[in-house]
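A quick write-up on the structure given underneath.
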Amino acid sequence: MRERVLEAIYKKIEETPNDMHLQKQTILINKCNISTIHSFCLEVIKNNFYELDISHNFRIGDTTEIELMKQEVLEDLFEEFYLNEDKDFLNLLDTYTNYRGDENLKALILNIYKYIQSFPFPEEDLKEMVERFNLSEKINEDFSKTIWGRIILNDLKETIEENIKKLEIARSELKKEFTLDKYVEIISNDMDMLESILNNMDSWEKIYNLSSSLKFETWKTDKKTDCITKENARSIRDKVKKDIKDKLITINSYDANTDIYEMYPILNNLKNIILEFSNVYRSKKREKNIIDFNDIEHLALQLLLKKEENRKLYSNRGS
């Protein structure tokens with residue numbers, strides 16, 4: 001890695017041979033601590049272990065050992081839930097499993113746990129993500145104000161814009177044939193109709209009402225005007241109609257908000273199990289004096305930045 005950095009510096013020096021700063025770097029690079037991100041994080045942890053809840057002689061668990069430990073922790077948790085006849089757990093079983101067993105729920109828990117490890121603060125970020133489904137006080141608000149509404153409307157917007165361009169191409173070709181004026185008018189009406197949807201993207205209810213009333217004009221049959229240009233335009237229009245109809249809003253704000261909110265109790269139960277799994281797994285690692293690769297990054301982050309400073313930094317990057 002050091003050689004690759006040095007090679008890049010030499011290339012820059014060839015471009016600007018009088019750059020004294022670059023020339024100085026060729027000397028200083030021998031004193032630099034250049035490593036992979038995990039090596040760097042490990043160095044930070046080893047030099048500051050006393051500020052963490054770990055021993056100085058910790059080791060990194062190998063992949064097989066770590067996976068077996070996760071499975072053992074999960075098996076123990078499930079056994080405890082079964083013995084206690086935990087209602088929240090049983091509800092999750094009804095939601096995510098079938099008569100063949102509980103493997104689907106176990107896999108889901110491990111997959112979500114693995115996914116959230118890519119976040120700076122996995123457990124807190126998981127809580128925040130689940131709370132987004134808590135729309136108890138927002139049931140009557142316009143669904144466009146939610147993250148899901150914004151995503152769906154943005155997707156619809158991109159689809160409409162793309163298909164308006166396709167219709168514009170078809171209309172341009174039709175205009176070249178003076179006998180196809182009525183088809184030019186049909187395409188123009190289609191474009192105006194789609195533009196009206198684009199102009200109301202600030203409201204889910206407006207889009208829902210427009211979607212409910214959306215109707216494409218019938219493509220007129222006239223053998224006297226049959227030609228390749230007309231047939232190509234019809235083909236393009238048929239594909240546009242399908243694209244648009246597949247993305248139209250078919251549910252009002254109240255029902256959309258309700259559908260999201262009804263998922264909240266289930267996801268909250270799932271979150272609680274994942275957090276419990278995370279706590280027990282952390283304790284097991286501490287007992288065996290090991291850490292995994294995700295711990296390397298999170299422990300180093302814990303040392304390098306204060307929590308609130310890190311969250312502010314992360315939030316600013318996200319915005």
Given (1) loosely packed, with under 15 Cβ neighbours inside 10 Å; (2) in contact with a Ser or Thr (Cβ under 9 Å, 6 or more places away or on another chain); (3) within 23 Å of ILE147 (Cβ to Cβ), number of the condition ILE207 does not satisfy: (1)
Selection count, region 272-283, where residues are surrounded by 19 or more Cβ atoms within 10 Å (Cβ to Cβ) and either hydroxyl-bearing (Ser, Thr, Tyr) or in the same structural domain as ARG150 (by TED's automatic domain parsing) (or both): 1
Residue within region 199-206 that is touching a Gly at 6+ places or on another chain (Cβ under 9 Å) and modelled with pLDDT of 95 or more present: yes
THR229 among the hydroxyl-bearing types (Ser, Thr, Tyr) and touching a helix residue (DSSP H, G or I) at 6+ places or on another chain (Cβ under 6 Å): yes
Residue among MET1, MET69, MET20 that is surrounded by 13 or more Cβ atoms within 10 Å (Cβ to Cβ) and farther than 20 Å from GLN302 by Cβ: MET69
Qualifying residue in region 167-175 (condition: assigned to a helix (DSSP H, G or I), surrounded by 18 or more Cβ atoms within 10 Å (Cβ to Cβ) and among the β-branched types (Val, Ile, Thr)): no
Extreme residue, farthest from ASP295 (Cα to Cα), among residues of region 31-66 that are of a type outside the set (A, V, I, L, M, F, W, C), without any contact (Cβ under 8 Å) to a residue 12 or more places away in the chain and assigned to a helix (DSSP H, G or I): LYS31
Looking only at region 270-305, and only at residues there that are touching a residue at least 60 places away in the same chain (Cβ under 8 Å) and polar (S, T, N, Q), the one that is nearest to GLU128 (Cα to Cα): ASN272
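The values are calculated or read from the model by the stated rules, or taken from the named source; none is laboratory data. The shown structure was predicted, so the numbers you read here are calculated from the model rather than taken from an experiment. All Cβ positions, even for glycine, are placed from backbone atoms using ideal geometry, and neighbour counts span all protein chains on display.
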